[in-house]
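The values are calculated or read from the model by the stated rules, or taken from the named source; none is laboratory data. Just so we're clear, the structure is a prediction, and the values are computed from it rather than from any experiment. Cβ sites come from the backbone with ideal geometry, for glycine too, and all protein chains shown count toward neighbours. Areas reflect the complete protein model, heavy atoms only, side chains present, ligands, DNA and RNA absent. Shrake-Rupley method; radii C 1.70, N 1.55, O 1.52, S 1.80 Å.
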Amino acid sequence: LPPAAVSLRCWQLTDRLDAGAFSSAAPGQLTYQGLYRLVSKALYRAHVEGKLKREIIQAPERFVQPDPEMARTLLDQKEAGKMLLLITNSDYEYTARMMAFAYDSALPAGMTWRDLFDMVIVMARKPEFFSYNMPLYEVVTPDGLMRPVLAARLGGLYCGGSARQVEAALGVEGDDILYVGDHIYTDAALAKINFRWRTALIIRELEAEVAALAAGRPHREVLSQLMARKELLGDLLNHLRLARQRAVAPQPQPAAPAGAPSDGCWSSWTSALGLHWSRTATTSTGAGATCRVPG
């Protein structure tokens, strides 16, 4: 399960514990620590001991929805000259059974899922795969018998190893490699941080979000048009409000310069365009002022 799904299940179990849903199974005895131990034990049995995977490979049709376009997409990449690798933490038996169920029926006659990939690495032990140089083994028989090897080569089926050995086998490094995964830490983050690989993250939970966005596109377009009209009408209303305010309220008169006369000459100047106030050097009564039209 994805980490988010595991966290959600733990929260749900905690809520049920608070509601007393487990009182009949362990009356007054189950605590938060006890619930943690039970969940840890269940996860260990499901993943480490392989109980979950054994149940899946017995009836893969219950858990896998084959998509014929996936096989066609990988074939398109190979025909375009790309090298394809499969790097998984699952063991060889589980990987072979699930890949055969998901891809073989959609491939041309005579091809199997192994023909899609230039190299296959099982039990990669990610995230350590991106941080340490671990022993590399080659799977040499259909039932999973392995032998130790020093280096990987194209066309091989391996167990363990490291990302550094993958780069050496491919003869490329850094952003020449695109790594596609479904876990933001064990896949995308470390491949980008430690090796500068380009990464693509598959998040199936986003399919519903993408579908909802596509379905709501016409509504968002109408909403954008209405918002643009709202802004236009708001600007027009502000201009009309300002014009009405200026028409109703009395306009302030500019202040007269120092020494302006009080006999109406200043007020007549303010009401006539082109009139300027000026002071004369002397008048018959001493220092005084006159109104004049410039030019």
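Out of Leu154, Leu170, Leu150, which single residue is in contact (Cβ under 8 Å) with a residue 60 or more places away in the chain, over 27 Å from the mean Cα position of the chain (by Cα), on the phi < 0 side of the Ramachandran plot and loosely packed, with under 13 Cβ neighbours inside 10 Å? Within the list Leu154, Leu170, Leu150, the selection yields Leu154.
For segment 85-93, the criterion of being part of a helix (DSSP H, G or I), hydrophobic (A, V, I, L, M, F, W, C) and under 30 Å from the mean Cα position of the chain (by Cα) is satisfied by no residue at all. Here Gln165 meets each of (1) over 29 Å from Arg72 (Cβ atoms); (2) surrounded by fewer than 19 Cβ atoms within 10 Å (Cβ to Cβ) with one exception, condition (2).
So for segment 54-77 (the condition being farther than 22 Å from Cys10 by Cα, of a type in the set (Ser, Thr, Tyr) and surrounded by fewer than 13 Cβ atoms within 10 Å (Cβ to Cβ)), does at least one residue qualify? Among the residues of segment 54-77, at least one is farther than 22 Å from Cys10 by Cα, of a type in the set (Ser, Thr, Tyr) and surrounded by fewer than 13 Cβ atoms within 10 Å (Cβ to Cβ), which makes the answer yes.
Here's the yes/no breakdown for (1) free of Cβ contacts under 8 Å to residues at least 24 places away in the same chain; (2) touching a His at 6+ places or on another chain (Cβ under 9 Å); (3) hydrophobic (A, V, I, L, M, F, W, C); (4) on the phi > 0 side of the Ramachandran plot:
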{"residue": "Tyr92", "(1), (2), (3), (4)": "no, no, no, no"}
{"residue": "Thr95", "(1), (2), (3), (4)": "no, no, no, no"}
{"residue": "Tyr103", "(1), (2), (3), (4)": "no, no, no, no"}
{"residue": "Asp115", "(1), (2), (3), (4)": "yes, no, no, no"}
{"residue": "Phe129", "(1), (2), (3), (4)": "no, no, yes, no"}
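Scanning segment 55-71 for residues being part of a helix (DSSP H, G or I) and more than 22 Å from Leu157 (Cα to Cα) gives a total of 8. Any residue that is among the aromatic types (Phe, Trp, Tyr) and loosely packed, with under 15 Cβ neighbours inside 10 Å - is there at least one of those in segment 196-204? Scanning segment 196-204 turns up no residue that is among the aromatic types (Phe, Trp, Tyr) and loosely packed, with under 15 Cβ neighbours inside 10 Å. Just to be sure, is Tyr94 under 22 Å from His183 (Cα atoms) and either open to solvent by 70 Å² or more (accessible area, probe 1.4 Å) or touching a strand residue (DSSP E or B) at 6+ places or on another chain (Cβ under 9 Å) (or both)? Yes, satisfied.
Glu205 satisfies every condition listed in (1) touching a strand residue (DSSP E or B) at 6+ places or on another chain (Cβ under 9 Å); (2) in contact (Cβ under 8 Å) with a residue 24 or more places away in the chain except (1). Just one of (1) open to solvent by less than 100 Å² (accessible area, probe 1.4 Å); (2) free of Cβ contacts under 8 Å to residues at least 12 places away in the same chain fails for Asp175. It is (2).
Got at least one residue in segment 176-183 being assigned to a helix (DSSP H, G or I) and modelled with pLDDT of 90 or more?
The initial filter retains those residues of segment 176-183 that are assigned to a helix (DSSP H, G or I), namely 176.
Now drop any that are not modelled with pLDDT of 90 or more, which leaves 176.
Within segment 176-183, one or more residues are assigned to a helix (DSSP H, G or I) and modelled with pLDDT of 90 or more.
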